[in-house]
Amino acid sequence: MALVNQNVPNVDFKYLNVTTNATNSKATILDYKTTYCVGDTITVQVEMYNHMGHKKTYGGDFLRARIFSPNLGAGVSGNIRDFNNGTYNVYFTLFWEGQVKISILLMHPSEGVSTLWKSRNLGYKYIVYTGKFINKGKEVHTECGFTLDTKGEKCEYMDKKYGESFYCVRPPGVACEAFISLKSGKSPYTYLTDVQKELFTRSNFGAEIPKQFENFEVFKCSNFKFFNNHGIGWHKSYFGYDLRNHIYIQWKKHGHPFVTQSFFSMKDHAYITNEIDRLGGGANTIIVISVGQHFRPFPLDLFIRRVLNIRKAIENLFLRSPETKVIIKSENTREMNNDVERFSDFHGYIQYLLVKDIFRGLNVGVVDAWDMTTACGSRVVHPPEIVVKNQINLFLSHIC
């Protein structure tokens with residue numbers, strides 16, 4: 001939490017016109033050349049201005065940058081450096097021959113980033129959970145969650161080994177063991193003021209920053225040798241069998257917080273750590289772990305604790321079976337207009353960086369879904385088929 005606090009801007013504002021405005025900002029290519037070759041690096045400088053046309057004097061804006069070619073179906077995300085004075089450099093490596101287009105979006109101004117960060121960590125009121133209990137053949141519904149504001153009796157569901165806890169208000173005369181299923185929904189609660197909400201209207205985020213240059217061509221220069229690294233009721237458990245090749249595949253959702261408006265069974269509930277602890281492992285065992293999207297509406301300490309616990313479970317797995325292959329799939333980008341306060345990609349980006357940091361040093365493979373969906377300009381929580389296909393190809397490259 002301290003690490004994130006150091007890197008998230010702490011900005012207060014009273015008026016929208018002092019916040020960053022994409023239309024007034026500009027992007028320029030530094031050290032422009034008449035000819036670019038495959039493998040070259042290009043630097044784009046972005047200067048940010050507010051709604052009054054004044055240059056910003058501090059950083060922290062949440063940008064998304066990519067180069068792409070619609071004709072080739074190619075795309076690469078940019079590496080962004082924040083100079084903390086309203087100026088940013090974006091670095092792109094030119095991987096293909098042909099036309100290149102550049103897109104740099106202001107996803108959230110620094111003021112919006114600060115607002116989202118503060119509001120996220122104020123509590124657990126964005127999502128409400130409803131638990132279903134069966135009492136003598138009849139359904140009884142009650143409130144559940146990570147914290148409950150009630151003086152009544154509560155049922156505690158605790159994973160004692162990893163310290164994970166979840167609660168339900170105990171229905172009168174019903175045993176806690178009668179808890180059978182759970183569903184969730186968005187609450188009308190907001191931590192934002194009316195002025196803060198203006199930052200997250202569609203016109204104020206995900207806006208293109210004007211470019212002071214045109215699209216350009218990249219050439220396969222004869223003196224450059226390019227190395228191609230070839231990087232390229234739904235919540236039930238799923239199984240797949242290939243009897244000929246003796247391959248068995250299982251998909252299973254993670255434990256709390258799982259966010260869905262339809263009831264899902266609690267009888268096969270388990271945290272990822274529990275699932276890992278049950279595995280013997282071995283050279284023929286492959287585990288793929290992906291957590292992120294469902295954690296966005298909750299304070300970040302919940303996510304940090306969960307990922308640290310997963311790392312500990314993997315370390316224990318490697319002690320008993322170092323041959324087991326473990327692959328981490330990062331979360332991906334999603335819609336720009338889908339409840340920014342709860343599900344903004346800013347929340348996802350912070351989690352994405354934390355996952356890379358927490359799993360650093362472990363012998364695990366990575367499917368960088370955030371980079372891939374940024375590069376292709378995907379703006380849906382469930383990416384298009386071509387993106388998923390490339391994720392699968394990258395996954396197979398880790399295990400073959």
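The values are calculated or read from the model by the stated rules, or taken from the named source; none is laboratory data. Everything numeric in this text was worked out from a predicted model, so none of it was measured. Cβ atoms come from the backbone with ideal geometry, glycine included; neighbour counts cover every protein chain shown. Note: accessible area is taken over every heavy atom of the protein model, side chains too, but ligands, DNA and RNA are not part of it. Shrake-Rupley method; radii C 1.70, N 1.55, O 1.52, S 1.80 Å.
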For region 175-330, the Cα-Cα pair-distance distribution in 5 Å bins from 0, as whole percents, is 1, 6, 10, 12, 13, 13, 11, 9, 9, 9, 5, 2, 1, 0, 0, 0
The Cα extents of region 245-340 along the principal axes, largest first and rounded to whole Å, are 43, 29, 27
Measuring from its Cα centre, the chain shows a charge dipole (+1 at each Lys and Arg Cβ, -1 at each Asp and Glu Cβ) which, in debye to the nearest 20, is 700
For Ser262, the accessible surface traced by a 1.4 Å probe with all protein chains present amounts, in square angstrom to the nearest 10, to 50
Taking a crude spin-label model, label points 7 Å out from Cα along the C-beta direction, the Glu315 to His141 distance in nm is 4.3
Sorted by accessible surface (1.4 Å probe, heavy atoms of the protein chains only), largest first, Glu164, Glu156 come out as Glu156, Glu164
Site Glu323, offset 7 angstrom along Cα→Cβ, radius 19 Å on amide nitrogen, limited to region 331-374, gives 363-365
One quarter of the C-alpha convex hull surface, i.e. the mean projected area of region 22-70 in nm², amounts to 5.1
Summing -39500 (n - 2.57) over every DSSP H run of at least 4 residues in the chain and dividing by its residue count gives a helix-only mean residue ellipticity at 222 nm, to the nearest 500 deg cm²/dmol, of -6500 deg cm²/dmol
Cα-only Rg/Rh for region 1-121 with Kirkwood Rh rounds to 1.03
Across the alpha-carbon set of region 1-49, Rg over Rh with Rh taken as the Kirkwood radius works out to 1.17
Plugging the Cβ-Cβ distance of Ser265 and Lys101 into 1/(1 + (r/R0)^6) at R0 = 51 Å yields, to the nearest 0.05, a FRET efficiency of 0.65
Taking the reciprocal of mean 1/r across every pair of different Cα atoms in region 287-356, the Kirkwood radius in Å is 13.2
Distance in nm between Asp301 and Arg81 label points, each 7 Å along Cα→Cβ, equals 3.6
Given (1) 1.11; (2) 1.17; (3) 1.00 as possible values of Rg/Rh (Cα atoms, Kirkwood Rh), the one from the coordinates is (3)
Output ordering of 327-338, 141-152 (per-residue mean of other Cβ within 10 Å, highest first) is 327-338, 141-152
Checked against the positive end of the charge dipole of region 7-67 (+1 on Cβ of Lys and Arg, -1 on Cβ of Asp and Glu, about the Cα centre), the farthest of Pro9, Thr20, Thr35 is Thr20
Counting sequence-distant residues (5 or more places) and residues on other chains, those with an amide H built under 5 Å from that of Leu182 are Lys132, Phe264, Met266
Correct semi-axes for region 74-141, from √(5λ) of the alpha-carbon gyration tensor and rounded to whole Å with the largest first, are 46, 22, 8
Nearest-0.05 FRET efficiency for Asn363 and Leu396 at R0 = 25 Å, using Cβ-Cβ distance, is 0.85
Over the chain, cysteine residues that find no other Cys C-beta under 4.7 Å are Cys376, Cys400
In Å³ per residue, the alpha-carbon convex hull of region 53-104 encloses 84
Output ordering of 283-292, 27-36 (per-residue mean of other Cβ within 10 Å, highest first) is 283-292, 27-36
Using alpha carbon centers only, region 308-356 is separated from region 143-214 by a whole-angstrom value of 19
